[in-house]
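We did not get these values from a lab; they are worked out from the coordinates using the rules stated. Computed from a predicted structure; not experimentally measured. Glycine gets a Cβ as well: all are built from the backbone with ideal geometry, and neighbour counts include every protein chain shown.
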There are 2 protein chains.
Amino acid sequence: MPWTDATLDRLREASGRSGGARRLVVELLGRQDCCLSAQEIHDGLRSGGARVGIASVYRALEGMDELGLVQRVDLGDGIARFEPAHEEAHHHHLVCDDCGKVEPFEDPALESAIERVAGGRGYAVAAHDVVLRGACEDCRHDGD
Amino acid sequence: MPWTDATLDRLREASGRSGGARRLVVELLGRQDCCLSAQEIHDGLRSGGARVGIASVYRALEGMDELGLVQRVDLGDGIARFEPAHEEAHHHHLVCDDCGKVEPFEDPALESAIERVAGGRGYAVAAHDVVLRGACEDCRHDGD
DNA sequence: ACGTCTTTGAGAACGGGTATCATTATCACC
DNA sequence: GGTGATAATGATACCCGTTCTCAAAGACGT
């Protein structure tokens, strides 16, 4: 788990301390391959028997976000989701309006188009989200 | 104001009635060239002397959204924004993390990359948002 | 082990968005 | 122009994700 270890190191380095709640959040997030909401993280930890407060989950996520260790993902439903930031495997999301399924995708041409746009406007882009909403293949063939 | 008139017609057609609050919201939105939040619309109408409830603003926006007359824009700050849907002038947004400025952009290569991704995944994409965050040209040259 | 300073957890507080409900306004019909 | 059925409206209570507060617990240098 390279991301988990590196993230714990960076967090300890930044604050000078370690903490149990923060470690649990990082470890859970490191096991995921797509995004999780703060509530989902909280529920996952509680169901695993940990006595973790929701505020600690938000604090851990905030700290990681400031250090660029997580990618904040906004799917448009008013709930912030987070996933480990693997710079070598940057991806975006397809959201099905029918069944709510979220699946990641990556596309080099999309990335280069984004970089070209930002550069042409004088922008130093720190982050970008692309969210495609619609009907997934399964739901297109179901009744709709 | 072609969008304003067409939108009022479509809304009346859909519900069978007209209403003063809805008309004010549509007229205000039709005067904008980029996105506004519900609160901004509400404040704008109240400061113009109209006694409009915030609930009516949300209802008007919801109705227009269902008919595809507005584009819902999510800039990642937890506030939904809306702008007139001009299908001939589809655009996305650059957001400055420093000064909060929002500016629109459009890019045909970006659009075609999105369509290609969605098609390759069997997705019927109904809507897509691209939000680029970073430092705008002004803020890059200021202190930061 | 001790003291200091950060983290933590519970719950209050905040804010955008939605639901409720009595009142008002619109419109087809007369 | 009335009249009645029905939708729109505005004030406000409510929901829920997120942030704030604060006392208690934990981490680390000494």
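Annotations for the structure displayed:
- For the stretch A:55-103, with +1 on Lys and Arg beta carbons and -1 on Asp and Glu, the positive-most of A:PRO84, A:GLY63, A:LEU94 along the dipole: A:GLY63
- ³J(HN,Hα), Karplus 6.51/-1.76/1.60, whole Hz, each residue of the stretch A:8-25, x for Gly, Pro: 4, 4, 4, 5, 5, 4, 6, 9, x, 9, 10, x, x, 5, 4, 4, 5, 4
- Karplus 3J(HN,Hα) series, Hz, for the stretch A:112-121 with 6.51 cos²θ - 1.76 cosθ + 1.60 (x for Gly, Pro): 5, 4, 5, 5, 5, 4, 4, x, x, 9
- Sites matching GluC sites (Glu not before Pro) across the stretch B:47-106 that sit in DSSP coil, with at most 13 neighbouring C-beta atoms within 10 Å: B:GLU106
- Sequence-separation-based contact order of the stretch B:91-144, relative, with Cα cut under 8 Å and 6+ spacing, percent: 48 percent
- Most mobile listed residue (A:GLY122, A:GLY49, A:GLY63) in chain A, GNM with C-alpha springs under 10 Å: A:GLY122
- Report summary: the helix-based calculation at 222 nm, which adds -39500 (n - 2.57) for every DSSP H run with n ≥ 4 and divides by the residues of the protein assembly as shown, gives -14000 deg cm²/dmol.
- Angle between chain A longest axis and helix A:38-47 axis [Cα atoms, degrees, rounded to 10]: 50 degrees
- Here's how it looks for B:PHE82: its modeled amide H is under 5 Å from those of B:LEU36, B:SER37, B:VAL73, which are all 5 or more places away or on a different chain.
- With neighbour counts taken as other beta-carbon atoms within 10 Å, the residues B:MET1, B:MET64 rank, fewest first, as B:MET1, B:MET64.
- Amide H to amide H, with H built 1.01 Å from N, B:VAL70 comes under 5 Å of B:ASP65, B:ALA85, counting only residues 5 or more places away or on other chains.
- Computed from Cα atoms, the angle from the helix B:54-66 axis to the main principal axis of chain B rounds to 70 degrees.
- Residue-by-residue Karplus 3J(HN,Hα) for the stretch B:71-82, coefficients 6.51, -1.76, 1.60, Hz, glycine and proline x: 9, 7, 10, 10, 8, x, 9, x, 10, 7, 10, 9
- Residue exposure sequence - B:CYS34, B:CYS136 - by fewest surrounding Cβ within 10 Å: B:CYS34, B:CYS136
- Restricting the stretch B:1-77 to trypsin sites (Lys or Arg not before Pro) that sit in a DSSP loop and have at most 16 other Cβ atoms within 10 Å of their own Cβ leaves B:ARG17, B:ARG31, B:ARG51.
- Close amide H contacts of A:PHE105 (hydrogens built in the peptide plane, cut-off under 5 Å, sequence separation of 5 or more or a different chain): A:HIS92, A:HIS93, A:LEU94.
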